[in-house]
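Engineer: Attaching a single structure in structure tokens format; questions to follow.
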Amino acid sequence: MASYYNDETVIFLNGSFVKAADAKMDFYSQSLHYGYSVFEGIRSYKTEKGETKIFKPVEHYERLKNSAKAMNMPYPWNTEDLITATYEVLKRNNIQDAYIRPVVYAPANMSFAVNTQSFIVIETWEMAPFLGDKLLRVMTSSFQRPNPKGFKIEAKAGGHYVNSILASQEAKAKGFDEALLTDMNGNIAEGPGANVFFEKEGKLFTPSAGNILPGITRATVIQICKKLGIEVEEKLFKAEELINADAAFFCGTAAEVIGWESLDNMKFKKDWNDTVSKSVQEAYKNLIIEKEFDLQIPPGI
Ligand code: PMP
């Protein structure tokens, strides 16, 4: 198991900076028993100029607020203060290239009633930029994404990730790198923790919003494509269309933009290096470290 903290690691816990090793939470929390929590996955990078920059912090903390609202969880924090607290956590832990994990969790409550209080923790650990440059071997999962009529799937809620864990574990047990899940109608939806794009004749396609978590990286990819003059279409499609594609990739805060080698052992038509997807990947790499200023994307997309 990975080690996320040591005796020196500091976290932000309900307004204070405390040692992770000394922090406590209630074992009677509704979040632990029922997966009733909301969270974010954010990254910070050491930029070209050597500064520490959180990528799209406003978008992430606004989504955290919206996730809490969707789950009827009280949310007494504001985005600006949480961003300041996050920079402070990074500073206190002396990390620049980081993964940042804010979690909003519930108090002790064994009933299903709404709470009058929520808690927040912001954890961070070191994560190298572009962990996986290796192309992925993906399999279509036997699991489907949760039905939007059963869950508020646009929210990043803890309990939804039981589905992600099952799908990812199944893929790895079968010797693949990652899973690809369909929605309840058999349309391609997303990966366990990333959105999906495919490329055909220089154009990109991605599942439309509705049955997916509409990712911040997905929105960034769409913006990059506009800038690079690459056409993007959002639509519903089945696995057969994907198998006949020239290339495909996952995108997400942790995954960044990562190409696929194959889907269900069927290789894609084009060499990754000859795809427009690869130029999107390169543009994303530059954007996160602020290497190309003309690719700056306005907030709120
Ligand atoms: N889909 C799911 C299910 C996810 O967990 C994530 C990661 N948050 C994404 C898509 C990608 O979202 P983002 O680009 O905002 O990280």
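Engineer: Quick check, is residue 166 over 30 Å from residue 234 (Cβ atoms), out of contact with any Asp or Glu (no Cβ under 7 Å at 6 or more places or on another chain) and not charged (D, E, K, R)?
Structural biologist: Taking the combined requirement at face value, the residue does not satisfy it.
Engineer: In addition: Return the pairs, sorted by first residue and then second, in which the second residue is within 8 Å of the ligand (Cβ to nearest atom) and basic (Lys, Arg), the first residue lies in the range 213-237 and is touching a residue at least 60 places away in the same chain (Cβ under 8 Å) and more than 17 Å from residue 282 (Cβ to Cβ), the beta carbons are less than 8 Å apart, and the residues are 6+ apart or on different chains.
Structural biologist: So the pair list comes out as 213/156; 216/63.
Engineer: In addition: Across the range 209-226, which residue is farthest from the ligand (Cβ to nearest atom) among those that are part of a helix (DSSP H, G or I) and either open to solvent by less than 10 Å² (accessible area, probe 1.4 Å) or not assigned by TED's automatic domain parsing to the domain that holds residue 240 (or both)?
Structural biologist: 225
Engineer: Please tell me if residue 139 is farther than 19 Å from residue 66 by Cα and more than 16 Å from the ligand (Cβ to nearest atom).
Structural biologist: Yes: the conditions hold for residue 139.
Engineer: If you don't mind, there's one more thing I want to ask. Just to be sure, is residue 170 within 15 Å of the ligand (Cβ to nearest atom), under 21 Å from the mean Cα position of the chain (by Cα) and charged (D, E, K, R)?
Structural biologist: So residue 170 fails the test.
Engineer: Pick from the range 8-33 the residues that are out of contact with any strand residue (DSSP E or B) (no Cβ under 7 Å at 6 or more places or on another chain) and open to solvent by 100 Å² or more (accessible area, probe 1.4 Å): which of them is nearest to the ligand (Cβ to nearest atom)?
Structural biologist: Out of the qualifying residues, it is 32.
Engineer: Within the range 185-208, track down each residue that is assigned to a loop (DSSP other than H, G, I, E, B), under 14 Å from the mean Cα position of the chain (by Cα) and not aliphatic (A, V, I, L, M).
Structural biologist: 191, 192, 193 - these are the residues of the range 185-208 that are assigned to a loop (DSSP other than H, G, I, E, B), under 14 Å from the mean Cα position of the chain (by Cα) and not aliphatic (A, V, I, L, M).
Engineer: Of the residues 61, 87, 99, 75, only one is among the aromatic types (Phe, Trp, Tyr) and over 30 Å from residue 150 (Cβ atoms); which?
Structural biologist: From the options 61, 87, 99, 75, the qualifying one is 87.
Engineer: Inside the range 85-133, can you point out the residues that are of a type in the set (Phe, Trp, Tyr) and modelled with pLDDT under 95?
Structural biologist: Correct list: 130 only.
Engineer: Determine which single condition residue 290 fails, assuming it passes every other condition in (1) on the phi > 0 side of the Ramachandran plot; (2) away from the ligand (no atom under 16 Å from the Cβ); (3) among the charged types (D, E, K, R); (4) touching a Pro at 6+ places or on another chain (Cβ under 8 Å).
Structural biologist: Just one mismatch for residue 290, condition (4).
Engineer: OK, next. Which numbered condition trips up residue 32, out of (1) assigned by TED's automatic domain parsing to the domain that holds residue 118; (2) farther than 17 Å from residue 117 by Cβ?
Structural biologist: Going through the list (1) assigned by TED's automatic domain parsing to the domain that holds residue 118; (2) farther than 17 Å from residue 117 by Cβ, residue 32 breaks only (2).
Engineer: Now a separate question. Can you name the residue in the range 130-152 that is assigned to a loop (DSSP other than H, G, I, E, B) and in contact with a strand residue (DSSP E or B) (Cβ under 9 Å, 6 or more places away or on another chain) and is also surrounded by the most Cβ atoms within 10 Å (Cβ to Cβ) among such residues?
Structural biologist: That would be 145.
Engineer: Can you name the residue in the range 188-208 that is within 15 Å of residue 156 (Cα to Cα) and touching a Phe, Trp or Tyr at 6+ places or on another chain (Cβ under 6 Å) and, of all such residues, is nearest to the ligand (Cβ to nearest atom)?
Structural biologist: Taking the candidates together, the pick is 194.
Engineer: From the list 163, 211, pick out the single residue that is at pLDDT 95 or above and in contact with a strand residue (DSSP E or B) (Cβ under 9 Å, 6 or more places away or on another chain).
Structural biologist: 163
The values are calculated or read from the model by the stated rules, or taken from the named source; none is laboratory data. Because the structure is predicted, anything quoted here is derived from the model rather than measured. Quick reminder, even Gly has a Cβ in these numbers, built from the backbone with ideal geometry, and neighbours come from all protein chains shown. Side chains included, ligands, DNA and RNA excluded: accessible areas come from the protein's heavy atoms. Shrake-Rupley method; radii C 1.70, N 1.55, O 1.52, S 1.80 Å.
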